[in-house]
Amino acid sequence: MRLKHTLITGGNGTLGREVIPRILQHDPDATVTLLLRAGRTAGVPHRLEELKRYVAHWWPGLDLTRVQAAQGDVTLRGLGLESRESEKLRSQVTTIIHAAASTRLIDTLERANRTNLSGTANALRFASLCPKFQRFAHISTAFVSGDRTGRICESELNCGQGFVNAYERSKFEAERLVRAHSRNLPISIFRPSIIVGDSWDGHIGSFTNIYLPLKRIARGDVRHISGPGTTRLDLVPVDFVAEALIRLVQSERSLGRTYHLAAGPSRATPVRQLVEQAVELAGAHPERPIHFVDGPTPERHLSCFFAYLAQQREFDDRNLWADLGVFAALRPSPQHLLPSVFDFCRSTHWGEKLPWEEKTCVAATV
Ligand SMILES: NC(=O)c1ccc[n+]([C@@H]2O[C@H](COP(=O)([O-])OP(=O)(O)OC[C@H]3O[C@@H](n4cnc5c(N)ncnc54)[C@H](OP(=O)(O)O)[C@@H]3O)[C@@H](O)[C@H]2O)c1
C-alpha cells in the first residue's frame with residue numbers, strides 16, 4: 001500500500017518527528033501534512049521550521065518541501081481545521097497517523113480524556129470523511145493493560161484491569177473506540193511500550209516521560225526507589241518504533257491488527273540495571289547508594305513513575321514477529337541500547353544543549 005498523502009497528528013512529538021523522515025524515505029512520492037497547534041509563543045510556521053531543522057539535522061538530504069503543516073487541534077470538532085483547509089485535506093488524505101495525545105502521567109481524567117479520547121473520536125470522524133482513505137494508524141500504548149501482570153497479548157484489551165493513572169484509562173477508552181470503528185474504517189493499532197532515544201546515537205526530541213526520573217537519578221538527587229529492582233521495564237528505541245510503524249502501515253497484513261511496538265520479553269531491562277547505568281553512563285556518581293524499598297519513598301514527586309515499577313509484566317509481540325519478519329529481530333538488547341541513550345543525555349546536558357537548536361527543547365523538570 002502506498003502512503004500517498006498522510007495526515008499526522010502529534011507530528012512534532014517524540015515519536016511523530018521520527019515518523020516524518022521515514023515516510024519521505026520509504027516513498028519518494030509521499031506527501032505529509034502535520035496537524036499542529038499554535039504554541040503560546042510560536043505560531044504554526046515557526047513550529048514547522050523548528051521541526052524541519054530537527055529532521056534535516058538527523059536526516060540530511062531529504063526533500064522537506066513534501067512536508068506542510070495545517071493549524072488545528074484534535075480536541076476541536078473537525079480537528080479545528082479552517083474550512084477550506086479541511087476540504088482540501090479531506091480530498092487528499094489516504095492515511096492518518098494519529099499520535100497526538102496528552103502524555104502527562106499526572107493529568108486529571110477529564111483533561112486526559114479531552115485529548116486522548118475526544119481527540120481520537122475527532123480523528124476517526126475526519127477519516128470517515130476522506131474519500132480516498134486507506135488506513136487509520138492509531139498510536140495507543142502497551143499500558144492500556146493498566147495494572148495487569150504477567151504476559152499481555154496484542155489481541156487483548158478489556159480484561160477487567162484497573163489503571164495506574166488517567167493517562168492509561170483514557171488511552172484504553174480511545175483504543176476501545178478505535179476497535180469499535182474497525183467495521184467501517186481500515187484500522188491498525190500500535191502500542192509502543194516506553195520510548196527512549198535512537199538505538200544508534202541516542203537522539204530524541206524531548207526529554208520528558210522516563211527521562212524525568214532518569215535525570216534525577218543520574219544527578220544523584222534520588223536516594224530511594226519504590227519497588228523491587230528486579231522488575232523488568234520494556235524500553236524501546238524511537239527509531240525502531242517509527243520504522244516498524246511505517247513498514248506495517250504500508251502492509252496489507254496489518255489491516256485490523258494490533259501490535260506491541262516493544263522491546264519484547266527477552267529484551268526488557270531490570271530496573272536496577274537501568275538505574276546503575278543512568279548513574280554510570282550519564283556521568284554522575286552519587287556518593288550514597290540508591291535503595292529499593294517497599295512502599296512510598298520521600299521522593300513523592302516521582303511516585304507517578306515508581307507506580308510502574310511494581311508490576312512484573314511482559315508484552316507479547318507475536319503479531320510483530322509474524323508481520324515484520326526479520327526486522328523484528330533487529331531490536332537492540334539493553335546492553336547495546338543504554339550506552340547510546342545515556343551518551344546523548346550527557347552530551348546534551350539532558351536537553352539543555354541540542355545539536356539542531358541554539359535554544360533548549362522540552363527539558364526535564366520535575
Ligand atoms: N513516549 C512514550 O514513551 C510513549 C509510549 C507509549 C505510547 N505512546 C503514545 O505515542 C503517541 C506519541 O507520543 P509522544 O511520546 O510522541 O508524545 P509527546 O512527545 O508528548 O507529543 C504529543 C504530541 O501530541 C500533540 N498534541 C497534544 N494535544 C494536542 C491537541 N489537542 N491537538 C493537536 N495536537 C496535540 C503535541 O503537540 P504540542 O507540541 O502542540 O503539545 C505533540 O505533538 C501518543 O499517542 C502516546 O500515547 C508514547
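None of the figures in this text is laboratory data; all of them are computed from the coordinates on show. Just so it is clear, the model here is predicted, and its values are computed rather than measured. Please note: Cβ atoms are built from the backbone with ideal geometry, for glycine as well, and neighbour counts cover all protein chains shown.
Given 0.36 nm per residue, what is the gain on full extension from Arg176 to Arg300 after removing their alpha carbon distance, in nm?
Separation in residues times 0.36 nm, less the Cα-Cα distance, equals 41.4 nm.
Kirkwood Rh over Cα pairs of the stretch 127-268 into Stokes-Einstein at 4 °C, 1.567 mPa s: D in µm²/s? For the chosen part, D equals 77 µm²/s.
Tell me, what is the Rg over Rh of the chain, with Rh the Kirkwood radius over Cα pairs?
Checking Rg against Rh, the ratio lands at 0.95.
With Cα atoms as the point set, the radius of gyration and Dmax of the stretch 292-345 evaluate to 16.5, 46 Å. Largest mean-square fluctuation among Gly162, Gly39, Gly205, in a Gaussian network model of the chain whose springs join Cα atoms under 10 Å apart, belongs to Gly39.
A Cα-only calculation for the stretch 230-300 places Rg and Dmax at 17.7, 55 Å.
Taking only the alpha-carbon positions of the stretch 64-117 and ignoring solvent, what does the Debye formula give for the base-10 log of I(q)/I(0) at q = 0.25, 0.28 Å⁻¹? Debye curve over Cα of the stretch 64-117, log10 I(q)/I(0) at q = 0.25, 0.28 Å⁻¹: -1.07, -1.19.
Need one number: the % of Cα-Cα pairs in the stretch 137-203 sitting beyond the 18 Å mark. Mind dumping the intermediate values first?
Values: 920 of 2211 pairs.
Counting every Cα pair in the stretch 137-203, those more than 18 Å apart make up 42 percent.
Short-range pairs are left out: with C-alpha atoms under 8 Å and at least six residues apart, the relative contact order of the stretch 74-138 is 54 percent.
Cross-link partners of Lys215 among aspartates and glutamates, defined as those whose alpha carbon lies under 20 angstrom from its own and excluding same-chain residues fewer than eight positions apart: Asp198, Asp201, Asp234, Glu276, Glu280, Glu287, Glu299, Asp343, Glu352.
From Cα pairs below 8 angstrom and at least 6 apart in sequence, can you work out the relative contact order of the stretch 22-88, rounded to a whole percent?
RCO, the stretch 22-88: 35 percent.
Both numbers refer to the Cα atoms of the stretch 35-152; Rg and Dmax are 16.4, 50 Å.
Given a Förster radius of 25 Å and the C-beta distance between Arg223 and Ser333 as r, what FRET efficiency does 1/(1 + (r/R0)^6) yield to the nearest 0.05? Numbers along the way, then the final one.
Numbers: r = 29 Å, r/R0 = 1.16.
Efficiency, from the Cβ-Cβ distance: 0.30.
Our note on the geometry: Cα centres of the stretch 179-195 and the stretch 156-173, 15 Å apart.
The slack in the chain from Glu252 to Gln312, taken as 0.36 nm per residue of separation less the alpha-carbon distance, amounts to 18.2 nm. Ignoring aspartates and glutamates fewer than eight residues from Lys132 along the same chain, the ones with Cα atoms less than 17 angstrom from its Cα are Asp29, Glu85, Glu87, Glu252. The rule of thumb for compact globular proteins, 2.2 N^0.38 Å, goes into the C-alpha radius of gyration of the stretch 179-258 1.48 times. Spacing of the modelled spin labels on Asp147 and Asp201, each 7 Å from Cα toward Cβ, amounts to 4.4 nm.
For Glu110 and Leu185, what is the calculated FRET efficiency with R₀ set at 41 Å and r taken between the beta-carbons, to the nearest 0.05?
Values: r = 27 Å, r/R0 = 0.65.
That pair, Glu110 with Leu185, gives E of 0.95.
Each of Thr95, Thr108, Thr258, Thr31 has some number of other Cβ atoms within 10 Å of its Cβ, and from fewest to most they run Thr108, Thr31, Thr258, Thr95.
Please report how far the C-alpha centroid of the stretch 300-321 lies from that of the stretch 211-246, rounded to the nearest whole angstrom. So the two Cα centres are separated by 10 Å. Using a cutoff of 8 angstrom between alpha carbon atoms and counting only pairs six or more residues apart, the relative contact order for the chain works out to 18 percent. Taking 10 °C and 1.306 mPa s as conditions, the stretch 98-162 diffuses translationally at an estimated 115 µm²/s according to Stokes-Einstein applied to its Kirkwood radius (Cα pairs).
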